[in-house]
Structure formats: structure tokens, C-alpha cells
Amino acid sequence: RLHVCTHSILLLHITTMGTMALGMSMPRSRMIRVATLRSLSPALHVASQRTSSSSIQQRPVYIERNLTAGCRRRQSSALRAAAALPFFASNSNRFLCEVPRTSYFAPRRAISNGSSAVDVDPLDRTHFSDFFGEPVSFLVDQQSCSSTTASSSSPPPSPPPPSTDPAMAMAALDKHVVSVVSRGKSAEGGGDEEGIPTKSAHSYAISWAELLEQAILWNATPRSCGAGAQSGYQACAPMLVVAAVAPLLAQAGSAYLRNLDDVLARSCNADQVQIQLLPMANVAASRHEDSSEDLSPREALHVKALHHLLHDEHRIALGYYQKILQLCPGDALALSLALDVSSSLSDGKAALRAAASVASYWNERGRRGLPGVTNAVQPGHSIGTALIAVGYAAGGRYVEAERLAEEAMTRDDAGAGGVAAWALAATYDAEGRASEGTSMLSGYDGMQHFEKCGHLFFDSKLSGYGARFALDRDAAGAGRSAARIYGSAFERIIQYSGEHEVLSLARKAPRSTRTKMVESAEGAAKSVFSKLFGGDSYRDGRGRGNDSENNAPSRDASLQEVSETAGGSTRSAVDALCWLPPTPQVLTDATMLLLRLTLSGAVSESDYRWKDLKSAWERLLDLYPQVDDSSILEFCPISRVAASLVLETKDLCNGNVDPVFNKLAEAAYHMGRAMNLGGEKDPDSVSKDMWRHVTSCLAEARQGSSVDSAGESFDTLQGWDIDLRPLLDQGLCHAAVMSDDLESICLARAVCSEAVSLRPNSPESWWRYSVVLDRLGDENAAEDARNASVSLGAGEGGRM
């Protein structure tokens, strides 16, 4: 104790003297400015040595806030360290650039085992760390332009050309990695001319395109020796490609990536930099068998996972992401990709294992310590906590998931709001909390948490969950409200990629906020001078005047303008990435919501939406040819089930997937034919035997065993119950009632009993239970179930 007290008194004395010396030797504005520059990422710190301060001020808002908070927390500790140096008064400028500083963007290099990091020179142009402190390598080799090999005494390679500057690449990587793990919530800069969903997609496309431009420079094919200044260099930074391509591969597969390359090639100018994702990904994945130690173990595992994702081997890639999380538990990108892959595979147990394996690590980094003693909060801690909550919810740990999600949303809604809402949606659905789910995912206040999440239609996914919660609540007008949400979340995607595909290839992204501010300033200046000196009214770059009548083009004029741009004369990569074709997962979510609307009576079986959805599925499956022994959409079996419901083909009922999904696809196929979705057949041709067969298939999928073959069993569904509940619960009960078979109705009663027991707060579950009891002749119990449904809010707001 005496030693501690003596040390504290000495430290207080040194701090006081150092603070006085600091105030006398340097102005406060100079001190704060230099300290702020030192707290930036290695990429931005290197850039600050070459560029002006204006380029540093272009950081994303989300990252800027974390930088400012980290600088404030460590300012006092930096002053105490400064006072301990005897030469500080005469070397104040030199000292402030040498203070050891650990911030969100501190320059760090990974050690040999890849599990931790140590401080390095901030001007190191080879190894950096990303926003979450994980290693990122930039490798540059100077190729020999002569036929003879270089001798051992040859000089070392010169620095890379200016076009491959790690500073700009690290800035783009940090921005996009945070956008990926936050599902686009942190992305900024999108235009709001066409609504919030398009604005969020545009913001994410801007971040994505910036990273792709840097990834192309660093992962292009080896340059041939020639007359250019950049000839003879071969650069490699595989983590840029992983962050840009792996999230798309995890959800859509390599065939979708090939189709997106075709869209980019047809929509961009010939004089623009051609962004092609698949060739760039193949170049980066070609290092998956590289045994050299140029890359850290974490990066090598990411490259191997990317190699398997390119071959649609999602199960193997998931194993590599598990290894990455064991080696680097703070890798939020690996955790996010593991959740995406497990969602595509509908494997909730794998998501739970991934989240639980890093939960303690993130919890330890979230504990606050004394200022200057320990790192107060792990960078992006709330986002990591929200991702862990999603894994818990997928694996059935709903109590822990709700606690973590609410904690993350409270601390950092700007970054973790969308991911936390995803975890809460699964929790509310599993417990039947329809009112809370409706408020969170379809109410105005709740939608603020995820409406900016433009990462691969993530906002549409959560909006679809909100529509299903509204149907579960079963209040007055719930069907109209859910149909409206379907139109805003999914129908717009299906329409611009379906019949109007030509227009989608020419459609441009809305103008960004910065562009509109510049145009407004120019317009204001020109209008002032035109009033003073006369002349024509100000006309913008598209030839429109500033008159209100001229600035309000009709819908036909807008379509004509888009049609005139069909050649792609002025379209950029951001425009193509803003209007992405629908992915298998977004069509799956749309199919399940439309099925739920049809079963509730809000939409008829012959509605035009079913025809548009069928056309979208046909266009999508044309992109996924069957190769060798592989099956169509093998990496996303739940999409095979959704497509079987709409398409009139049995090819998806038998594939190289888990048997439970083949059984579900068979049930969905027969259910679609029995419901006559799209109204293309005679409804009189439907028999009760078809409904009985549907009920039998769904029962086998729920139980994990086949009724016809004795002893044949298979694994049941492992988590992600929210995605298939419209088919397994509502679909089974509807088929049982339509079959008018006693055994099927008794099975439906058992399913409804399970629903009201595990989801007692769902009005729809109680109402469905009352319908089944009526069919069995139990009138008293049916009346009690209806009363329970009304007491929970069914029919609320309607007429008596």
C-alpha cells in the first residue's frame, strides 16, 4: 500500500509539471491537432504525411465519432506520459508524434500466430490493422523485365506506384467493413430522391464501389513489362477482395457474382474502369494453397474460405470461419460472414457455435477500466455484441439474445441498430410477442433502427418480418398494412428486375447529398447574378431550368430519360450496384410473406403478385445451371423450398441437400399446385388427397422421419425458425383443414397446441387453434381460444 501511495503522489507531481510544460511549449490548438492525427488509422496517418488535411476530413460519420471518443478518453494519459520525458520542453513537436497511443485506428502489425498484435512504425507500408484491429497485408513484388534472373546482390524493390497506395485502400476497407458488419447502417452519402430504401442501397453502393476500385488496383493480374510507368509491378491485398466479394458470395453464390459482372459490363462506359468481381476474386483466391508467410494466418484462412465460396462450398467455408474465430475472436467480419453462411444453410446450431465461441472475448473487451490503464471499449463493440445476439437467437438462446441486442441498440444504434433488430425479430417471433414485433419492425419509431440498412436488401428482409408480425397481431387492417409493406419492400425489387430489365440496366442512382449541395450552391450563385445582370434562368447539367414547372417531369418523361440512357453512356459502377438484381434470399423472404398474406386472406391465389414472383424466380434459376453432381441452389436449401412453391417443376424436390429440405420442397410443390397460385389452372381439379399429401410431407419434415419407409430418419431443422414458420405452422394447419381428414386435423391440433404453449402472446396462434377445434367439434374450447385471441388484440380497431 505504501508503494502504491508513493507512486500515486509521484505520478500526480509529474502530471502537474508536465501539464504546465505542455501549456508553455505548444499552443493548445496545435497540441490537439497533432494528437488527433496520431490517433488515426495507419492508412489515414500515412495519407496525412502526403496530402492536405482536407482529405482526412472525409472520414465516414460513424468512424469519425469513434475516433473522437477514443481521442478524448486517452488525452489525459498522453499528457501524463509526456510529463515523464525530461527532454519534452525542447522536443515538444517531436514528442507528440512519438507518444505510444492505442486507439481504434492505431498502426499495428500482426505477430506470427495472428492472435494478437504489437505496435509498429506508422509508416510501415506492408502490414496494417483494420477498424477492428485485425491484420491486413499489402504485398508488392517488382517483376523483372529481362529474361535473366535477378542476382542476390540486386537492390530491393522500389516502393509501389502511386496508384496502389495503401493509405487510400485502408480508408476504403475500414469504411466498407463497418458497413458490412452493420448491414449498411453506417454507410452515408446516398441520395434521397427516390425514397429511403433506395437511399440506403445507394449509400452502401458508394462504400462498396470505393473498395472495389482499390481492390482492382491491388489484386489485378500480373502486369506485363512495357513502356508504362507502372509496368513490372504485381500487387496483392487479398483482404480487400474478401471484404468486397465474400458477403455477396455467402448469400448469393458464384453464379450471382457472374451475373453481376455481366450487368457491370453492360452498364458502364468503355472508357471507365471495368469492375469485374469474379476475375478479381479468382486472383485473390489463387493464393489459397500458398505456403509462404507473407500473409497472416487469419488472412490465409479468409482466402481459403473465399476459394470455397467461389465453388459454392458453403459448408466447408463455414468451417474455415470457425477456425478464424478461434484464432482471432475479435474478427467481426469473420463473425458476420459465419452468420450469413449459416443463414444460407439454415443451420442455426452453427450460428450459435460461432457466436458463443467469441462471446466471452467481446464481453471482456466491453468492460471499462481506469483511464489510461486499459483499452476502455473494443472498436465496434456494440456491433460485435449485436452479431453475437443474432447467433444466440438463431440457436434458440432467446433470453441471452434479447439482453445483448437491447444492450447493443442502447449503446450504439447508429452502428448496431439494424443487426440488433434482426436478433430481436427472431426472439419476438419465437415467443409470439406480436405486439412488440409490430412496434419494432413495422412501426415508425422501430423502423428507424434498420431502414438505413441497404446491405443486400437487409432492410427489405426486416420489413418482411414486420409485415408478418402485423398479420400475427391480427388487428383491424393488418392485411392491408402487410400488403403495403410487401409492395414497398419486395415488389419494387421484383418489378425493376422483371419486365423492366432493360430499364434496370440503365437506371441511375440518385444524386448524392454532396452533389446536390454543390449544385444548389452553384444554382444560387447563378440565379443571383442573373437577377443583377439579366439573362436566362439557371439551367442544371441536364438542361432543366430552375422554374418549378420545368423541374417536375412526369413519370413518362422519367422513363423516357432512362430509356435514352439504355446504352450506358453515363452510367457508373455505383449505379449498377445500387440497383442489384434480387438475390435468392430476398426472393425467399418475399415468397414466405406472400404465402402468409394468401393464407390470411389478404391476397387471393390469383393475385398478380404471384405471377411477378414466378417470373422473378424463373429469371433467377436461369443463372444457376446444374453442374456435374451438384444441385441448383445447393448452398441455400431454403430457397429451393420457396422456389418449389411457385414454380411448376419437381427438379428442386430431389437434390444433394439435407433430406429435410427435400421433404419441405416436395410439400411446397404440392401445396403450390393445390392452392393454384397464380390462377393458371382450374380450381376444380384440386382434390382433398393433394392437401392430405401436403400435410403428410410437412409432418415428416417437422418430426424428422418418413412415414412410408420404416426406419428412415433424418435431421430436423436446426434453428432459423422465423424463416420457415409460414410454411411449417400456418401452411400445415391450412392444408389439414382443407383436407377434411380427421388424422390431419388432429395433427393440426397438436401443432396449434405447441404454438399456443410456446408462443402464448400471438393472437393469430390462438385464432388458428380455434378454427382447428371447431373442425373437431369442440365448441367450448374453440370459443375460449377465440376469446384469448381477442383479448390479446385480434380485431383491435375494427367494428363491433
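The values are calculated or read from the model by the stated rules, or taken from the named source; none is laboratory data. Computed from a prediction, not measured in an experiment: that's the story for all the values here. Note: ideal-geometry Cβ built from the backbone for every residue, glycine included; neighbour counts use all protein chains shown. Keep in mind that these areas ignore ligands, DNA and RNA; they rest on the heavy atoms of the full protein, side chains included. Shrake-Rupley method; radii C 1.70, N 1.55, O 1.52, S 1.80 Å.
For the reader, a short list of remarks on this structure follows.
- Gain upon complete extension [residue 753, residue 484; 0.36 nm per residue less C-alpha separation]: 93.7 nm
- For segment 719-790, carbon and sulfur atoms together expose 49% of the accessible surface, with a 1.4 angstrom probe and every protein chain in place.
- FRET efficiency, residue 349 to residue 746 (Cβ-Cβ, R0 45 Å, nearest 0.05): 0.90
- Applied to segment 735-748, the Karplus parametrisation 6.51 cos²θ - 1.76 cosθ + 1.60 on θ = phi - 60° returns per-residue 3J(HN,Hα) values of 5, 5, 5, 6, 6, 6, 10, 4, 5, 5, 5, 5, 5, 5 Hz, with x for Gly and Pro.
- Separation of the residue 313 and residue 356 label points, Cα + 7 Å toward Cβ, nm: 2.8
- Two-site label geometry, residue 611 and residue 650: point separation in nm, points 7 Å out along Cα→Cβ: 2.8
- Links that overshoot a 24 Å alpha carbon limit, given the list 323/663; 650/688; 323/349; 185/611; 304/650: 323/663; 185/611; 304/650
- Dimensionless Rg ratio for segment 593-660, taking C-alpha atoms and the 2.2 N^0.38 Å reference: 1.22
- Highest average packing first - 454-467, 325-338, 689-702, 769-782, Cβ atoms within 10 Å: 454-467, 325-338, 689-702, 769-782
- Take 211-218, 171-178 and order them by the average number of nearby Cβ atoms within 10 Å per residue, most first; the result is 171-178, 211-218.
- Ordering of 302-315, 384-397 by burial proxy (mean other Cβ atoms within 10 Å per residue, highest first): 384-397, 302-315
- Separation of the residue 781 and residue 685 label points, Cα + 7 Å toward Cβ, nm: 3.9
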